[in-house]
1. What's the local net charge at residue 56, with K and R +1, D and E -1, over the other residues with C-beta under 13 Å away?
2. For the range 193-317, which whole-number percentage of the solvent-accessible area (1.4 Å probe, protein heavy atoms only) is attributable to carbon and sulfur atoms?
3. About its Cα centre, what dipole magnitude does the range 33-134 give when the only charges are +1 on Lys and Arg Cβ and -1 on Asp and Glu Cβ, stated in debye to the nearest 20?
4. Less than 20 Å from a label point 7 Å out along the Cα-to-Cβ axis of residue 105: which backbone N atoms in the range 158-192 qualify, by residue?
5. Determine, at each q value in 0.14, 0.18, 0.26 (inverse angstroms), the log₁₀ of I(q)/I(0) that the Debye formula gives when each Cα of the range 196-288 is one equal point scatterer.
6. Over the alpha carbons of the range 63-110, what is the largest minus smallest coordinate on each principal axis, giving the biggest first in Å?
7. Along Cα→Cβ, 7 Å out, is where each label goes; now give me the distance between the ones at residue 274 and residue 163 in nm to one decimal.
8. Please work out the average accessible area per residue across the chain, using the 1.4 Å probe convention, and give it in Å².
Amino acid sequence: MSSIFFPLLALQLLSPPQFEAQTIDANVNIGYGLAVGDVDGDRKPDILLADKKQFVWYRNGDWKRFVMAENLTQHDNVCIAARDIDGDGRVEVAVGAQWNPAETTDDKQSGAVFFLKRPADPTGRWESVQLYHEPTIHRMRWAKVDGRRFQLIVVPLHGRGNQNGRGAGVKILAFDVPKNPSSAWKHTVVDSTLHLTHNFEIVEDGPETRLWLGGREGVKTVRFQKGKWVADGWVQRGYGTGEVRRGTFANGGVFSAAVEPMHGHQLVVYQPADTTFRHVLTENMNQGHAVACDDLLGLGSTQVVVGWRTPNADGRVGIRLFVPADNTGRNWQEHVIDDNRMACEDLLVADLNADNRPDIIAAGRDTHNLVVYWSKP
């Protein structure tokens, strides 16, 4: 099979992939974090954004902007998580705010977590329910555990009392969802061994769920087993990691794609099955800040999308797409998605128009924009 597959794959990639940019919002303040999900129940995925002082959503179709909550804390907002966790076809939303990364001790001045209670009309303001938090809350996502229920996973940047990434490990938290979201949310500590945990990946394979945690020490995995999170292993150890995502080759082989170091200049792939494997896809970034893995081109393998937010050695910001040319992880084709119009703070991939071709959604920090890059045949 391999002798047939590789020439066909190479032939498909002779023509560059086509993406058409559409600016959804040209007045974004910072665009800290993105999520996608059906907010209003019309079976179309909407875009949600954690901006500097507002949490907003954009309605799929006319892309009208609605404010969900604003000015929840003194300092900036920083992250948002959206997923349908109760099966009603509409997303539940949690958010993180009080972004003050230099303050690692005072939890009144650093970090905040809220669940946003849906109003009867989702275009109106949502009620905020404050949950427990650690300082420097930075990322959050909903994870399905036991194959049936959900937890909110919340990741700070620093451990409590840390200075320059040294000191106590980061307390990664998992919240159970109560029947009444206004009541107390029970939380447990998933892991507390890493430092500078900038981002993480959730891998849900049937009933088994793993978290891939990126930090100063590398990429560590934990898995949910018999009702609790337990240490699992390492995807790679020894290279500080900012962003991390999981992908697969056409033959089913697994790889990880990571920005190194945190806010770094390298995009690197690893293969967990081979602990000696490390391959650099590019070093031509400055403050790489977003990675996504998906099969955008329908090739049967995962491609890697990466964005950076500060001009590189060529004086440019942007987004690039890397396509594996085979199953080895050593041969990739690079394609330009955006050249110097997107100072990428965050990005993700989702099929917004139900054409079975995933699109790229990106938010720009210094470019102050929210853009959809529509995948074209």
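The values are calculated or read from the model by the stated rules, or taken from the named source; none is laboratory data. Values in this document were obtained by computation on a predicted structure and should not be read as measured data. Positions of Cβ are generated from backbone atoms using ideal geometry, with glycine treated the same way; all protein chains shown enter the neighbour counts. Only protein heavy atoms, including side chains, enter the accessible area calculation; ligands, DNA and RNA are left aside. Shrake-Rupley method; radii C 1.70, N 1.55, O 1.52, S 1.80 Å.
1. Taking every other residue near residue 56 into account, the sum is +2.
2. Using a 1.4 Å probe with all protein chains present, the range 193-317 comes out at 45 percent carbon and sulfur.
3. Result for the range 33-134 is approximately 300 debye, rounded to the nearest 20.
4. What the label zone holds, given the 20 Å backbone N cut-off, is 158-171.
5. Here the Debye-derived log intensity ratios amount to -0.48, -0.77, -1.38.
6. Per principal axis, max minus min of the Cα coordinates gives 39, 25, 13 Å.
7. 4.4
8. 41
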